Amino acid sequence: MFNIVLFGAPGCGKGTQSELLEKHYGLAHVSTGDIIRGEIAAKTPLGERMHGYIERGELAPDELVVGMIENYLDAHADVAGTIFDGFPRTTAQAEAFDRMLSARGLEVGLMVYMDVPEEELVKRILLRGKVSGRADDASEDVIRNRIKVYNAQTAVVADYYKAQGKYEKVPSLGTIEEVFDRICKVIDSRR
Ligand code: ADP
């Protein structure tokens, strides 16, 4: 099982690349953002708790997100590997993740950091907001806050994987195909 953490600021293209990687490598894919949006749309009690955080562009509480990933792991014990998209987003999540994985005899094989300059991120997310209908993509204030939260709480997660020798940075400007090729090269060199 080869597990990949796809990492980068909001709008860097994780979702797009995850879909391509899923097909190319026959891996599963899980996005905590997608799970949260699903819970909110279904108006579950968990969704009710998540709603405010997402609207403000803040992170959801670690224990709720960690619980989602734990459920995912238990429901997908037989996959060839998973692309984790949008998780872990704090050092506490990364630590909890390692504990959950090792309890199951698993590990993270690689973290791919998709590097995109901040002004490009804002442009892309505003554009996405026009088609996706995602409320958190429509307001420039909320987008800037998500990037601020990323810089303050999430960027350090890269250091966690650097320390484990599992970190690779991929410049992620260019066409979708160019970025995909770069990511594949990194994965192929590590598998
Ligand atoms: P993006 O990366 O473009 O911001 P996502 O779909 O990954 O979009 O996430 C949307 C929102 O869901 C985040 O802004 C955050 O509020 C919440 N979220 C997603 N993943 C996590 C996580 N691992 N920890 C805390 N909150 C999360």
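For every residue, the table says whether it meets (1) surrounded by 18 or more Cβ atoms within 10 Å (Cβ to Cβ); (2) among the charged types (D, E, K, R); (3) in contact (Cβ under 8 Å) with a residue 60 or more places away in the chain.
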{"residue": "Ile36", "(1), (2), (3)": "yes, no, no"}
{"residue": "Ala41", "(1), (2), (3)": "no, no, no"}
{"residue": "Thr44", "(1), (2), (3)": "no, no, no"}
{"residue": "Arg49", "(1), (2), (3)": "no, yes, no"}
{"residue": "Pro61", "(1), (2), (3)": "no, no, no"}
{"residue": "Val65", "(1), (2), (3)": "yes, no, no"}
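For every residue, the table says whether it meets (1) under 23 Å from Met68 (Cα atoms); (2) within 12 Å of the ligand (Cβ to nearest atom); (3) touching a Leu at 6+ places or on another chain (Cβ under 6 Å).
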{"position": "Glu95", "(1), (2), (3)": "yes, no, no"}
{"position": "Ala103", "(1), (2), (3)": "yes, no, no"}
{"position": "Glu107", "(1), (2), (3)": "yes, no, yes"}
{"position": "Asp115", "(1), (2), (3)": "no, no, no"}
{"position": "Glu118", "(1), (2), (3)": "no, no, no"}
{"position": "Lys123", "(1), (2), (3)": "no, no, no"}
{"position": "Leu127", "(1), (2), (3)": "no, no, no"}
{"position": "Ser132", "(1), (2), (3)": "no, yes, no"}
{"position": "Asp141", "(1), (2), (3)": "no, no, no"}
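Quick check on region 39-59. Is at least one of its residues aromatic (Phe, Trp, Tyr), more than 22 Å from Met114 (Cβ to Cβ) and near the ligand (Cβ under 9 Å from one of its atoms)?
The answer is yes, given that some residue of region 39-59 is aromatic (Phe, Trp, Tyr), more than 22 Å from Met114 (Cβ to Cβ) and near the ligand (Cβ under 9 Å from one of its atoms).
Leu73 - would you say it is touching a residue at least 12 places away in the same chain (Cβ under 8 Å), within 13 Å of the ligand (Cβ to nearest atom) and outside any loop (DSSP other than H, G, I, E, B)?
no
Values quoted throughout were computed directly from the atomic coordinates according to the rules given, and no laboratory measurement underlies them. The model shown is predicted, which means the values in this text are computed figures rather than measured ones. Ideal geometry is used to build each Cβ from the backbone, glycine not excepted, and the neighbour counts take in all protein chains shown.
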